[in-house]
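To keep things clear, I will list the structure first and then write my remarks on it.
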Amino acid sequence: MRNRLFLCVILCIVGVVMASATGCWALSAEKQPLLHFTFDEGAGDVLTDATGSGKIALLEGGVEWSTEGVSGGALVFKGVDGFVRLPDNVAKDLDAMTIALWVKLNSNPLWARVFDFAGSKGFMYLTLNAGAPADNTRFSIYAGDPDKEPILSIPVDNFALDTWYHIAVTAGSGEGAEYCFYVDGELKATLPVTHASKDIGSDVLMSNYLGKSQFPDPYFDGMMDEFYLFTEALSADEIAALSKR
């Protein structure tokens with residue numbers, strides 16, 4: 001019994017040391033990602049979901065590969081015509097969610113999208129320069145009623161050019177649920193939930209992009225790495241762990 005206890009303690013210590021050394025982190029089984037694109041392929045125009053789901057995303061336009069990501073490879077968006085087409089329907093039925101990724105801005109044009117999901121009833125997007133309120137970012141879920149459209153904003157000066165930032169947006173479900181906006185693991189803003197991602201589409205959720213708007217707005221100009229989509233609103237501690245390089 002004593003030997004078994006000693007072995008368990010040693011294994012726990014080793015696990016903590018390895019996690020610290022490699023930047024790994026652990027989540028409970030019910031909070032595993034629905035999608036995880038590492039951007040480590042290094043060539044071609046197909047991204048493979050690292051969760052093993054078999055889903056793929058496609059590079060379109062002028063997206064290039066880089067070996068200078070936060071973790072391995074990354075994607076370079078030139079701000080001209082390049083974007084990632086994410087799988088259809090991935091957020092169609094979600095009551096709660098977390099979207100997280102690393103971004104590095106080369107420039108930050110007005111209304112350029114980090115991500116933009118659209119369905120038959122509306123759209124869900126994140127821009128790091130909405131211009132209004134003055135010089136603010138914006139995460140929003142529009143589902144047909146502008147009076148219920150949440151606008152979660154933080155000052156745009158949270159994001160300097162040529163610097164990697166970890167961004168995470170969560171949307172909870174149930175009574176008292178909130179949207180939360182995190183930068184580098186730090187909670188920056190909250191807002192009561194009025195819509196879920198499932199509210200923007202009925203039968204089919206199409207046109208899911210990284211780096212491109214549903215509208216004729218500028219394209220994203222910079223780099224992205226390690227995109228995650230979860231079917232739960234991760235906790236502040238989980239977001240902080242995810243943001244560690």
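Nothing in this text is a laboratory measurement; each read-out follows from the coordinates by a stated rule. Quantities reported herein were computed from a predicted structural model and do not represent experimental measurements. For neighbour counting, all protein chains shown are included, and Cβ atoms are generated from backbone atoms with ideal geometry for every residue, glycine included.
Indicate the gyration tensor shape class of region 27-242 (rounded, prolate or oblate), computed on the Cα atoms with a ≥ b ≥ c the square roots of the eigenvalues: a/c under 1.5 is rounded; otherwise a/b larger than b/c is prolate and the rest oblate.
Values: a/c = 1.29, a/b = 1.17, b/c = 1.10.
Taking the square roots of the gyration eigenvalues as a ≥ b ≥ c, region 27-242 is rounded.
Given R₀ = 22 Å, what would the calculated FRET efficiency be for D88 paired with N158, taking r from the Cβ atoms and rounding to 0.05?
Numbers: r = 32 Å, r/R0 = 1.45.
FRET efficiency, D88 to N158: 0.10.
For region 142-193, what relative contact order do you get, as a whole percent, if you take Cα pairs closer than 8 Å and at least 6 residues apart? Spell out each step's value before the answer.
Numbers: 70 pairs, mean separation 15.5, N = 52.
The value is 30 percent.
So how do 221-230, 84-93 stack up, highest first, on mean other-Cβ count within 10 Å? Before the final figure, lay out the partial values.
Details: 221-230: 23.0, 84-93: 19.4.
Top of the packing list down: 221-230, 84-93.
E186 to K31: FRET efficiency via 1/(1 + (r/R0)^6), r the Cβ-Cβ distance, R0 25 Å, to the nearest 0.05?
Values: r = 20 Å, r/R0 = 0.81.
That gives a FRET efficiency of 0.80.
With 16 Å as the cut-off, how large is the P(r) tail for region 40-88, expressed as percent of Cα-Cα pairs?
Working: 481 of 1176 pairs.
The answer is 41 percent, as a whole percent.
What does the charge count near M223 come to, summing +1 for each Lys or Arg and -1 for each Asp or Glu among other residues with Cβ under 9 Å from its Cβ?
-1
Can you list residues whose amide H is under 5 Å from T38's amide H, if they're 5+ apart or on another chain and H is modeled 1.01 Å from N?
A50
Cα-Cα over 30 Å: which of K148/K244; K92/K148; K55/K244; K31/K148; K31/K78; K188/K212? Walk me through the numbers on the way to the answer.
Numbers: K148/K244 34 Å; K92/K148 19 Å; K55/K244 26 Å; K31/K148 28 Å; K31/K78 33 Å; K188/K212 24 Å.
Result: K148/K244; K31/K78 exceed 30 Å.
How much length, in nm to one decimal, is gained on full extension between E149 and K244, taken as 0.36 nm per residue of separation minus their Cα-Cα distance? Show your work: numbers first, answer last.
Numbers: separation 95, 0.36 × 95 = 34.20 nm, distance 3.16 nm.
Roughly 31.0 nm would be gained on extension.
Which FRET efficiency, nearest 0.05, do D81 and W111 yield, Cβ-Cβ r, R0 22 Å? All intermediate terms of the calculation are to be shown ahead of the outcome.
On the way: r = 16 Å, r/R0 = 0.72.
That pair, D81 with W111, gives E of 0.85.
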